[in-house]
1. Mind listing just one residue for me: the one in segment 108-118 that is under 15 Å from L4 (Cα atoms) and surrounded by fewer than 19 Cβ atoms within 10 Å (Cβ to Cβ) and, of those, nearest to the chain's Cα centre (by Cα)?
2. Keeping to segment 104-113, report how many residues are without any contact (Cβ under 8 Å) to a residue 40 or more places away in the chain and touching a helix residue (DSSP H, G or I) at 6+ places or on another chain (Cβ under 8 Å).
3. Does segment 44-67 hold any residues that are closer than 16 Å to P92 by Cα and loosely packed, with under 13 Cβ neighbours inside 10 Å, and which are they?
4. For segment 4-26, indicate whether the set of residues that are farther than 18 Å from A125 by Cα, among the acidic types (D, E) and modelled with pLDDT of 95 or more is non-empty.
5. Right, L54: under 16 Å from the mean Cα position of the chain (by Cα) and free of Cβ contacts under 8 Å to residues at least 60 places away in the same chain or not?
6. Somewhere in segment 82-98, is a residue within 14 Å of the chain's Cα centre (by Cα), among the aliphatic types (A, V, I, L, M) and closer than 15 Å to M1 by Cα?
7. Out of all the residues in segment 12-43, which are crowded, with 16+ Cβ neighbours inside 10 Å and either of a type in the set (K, R) or at positive phi (or both)?
8. For segment 68-106, name all the residues that are under 15 Å from L10 (Cβ atoms) and surrounded by 14 or more Cβ atoms within 10 Å (Cβ to Cβ).
Amino acid sequence: MNLLLDTHVLLWWLDNHPTLSKKAKAAIADGKNLVFISAVIIWEIRIKQELGKLEIPRNFRRVLEDQPFEILDITVEHAYAVGDLPAHHRDPFDRMLVAQAKVEGLTLVTRDIHLKKYKIPLIEA
């Protein structure tokens, strides 16, 4: 199974936060699964950091590079796919994650129950 992590899931994983579900932890830790981090969540994290809404380590880039995750760039195909999504969710970062999951055939790992409306494979975090 190929996974795409939502922003809060990535942060919880890096922090070993007890909020992350056992099912999500097991799926992320399973070496048989490819785990992707979208460029859109790095963008969201950096925006929240700049606004003072989130603290991340100075070496955050290195922390991510040390994880066994693949980086998923945002493509033109992903951007067009966002425009085809129903308006179930207004957050542009989450909408991009849904589009990427659809286009790339990925299972989204998230706590956001509103994303279930898109009928994509999900693991609840």
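1. The selected residue is R111.
2. 0
3. I47
4. No, there is no match, as no residue in segment 4-26 is farther than 18 Å from A125 by Cα, among the acidic types (D, E) and modelled with pLDDT of 95 or more.
5. No, not satisfied.
6. No, segment 82-98 contains no residue that is within 14 Å of the chain's Cα centre (by Cα), among the aliphatic types (A, V, I, L, M) and closer than 15 Å to M1 by Cα.
7. Hit for segment 12-43 is K25, nothing else.
8. If the condition is that a residue be under 15 Å from L10 (Cβ atoms) and surrounded by 14 or more Cβ atoms within 10 Å (Cβ to Cβ), then F69, L72, F93, D94, M96, L97, Q100, A101, L106 are the ones that fit.
The values are calculated or read from the model by the stated rules, or taken from the named source; none is laboratory data. Bear in mind that the values here come from a model prediction, so they are computed numbers and not experimental data. Quick reminder, even Gly has a Cβ in these numbers, built from the backbone with ideal geometry, and neighbours come from all protein chains shown.
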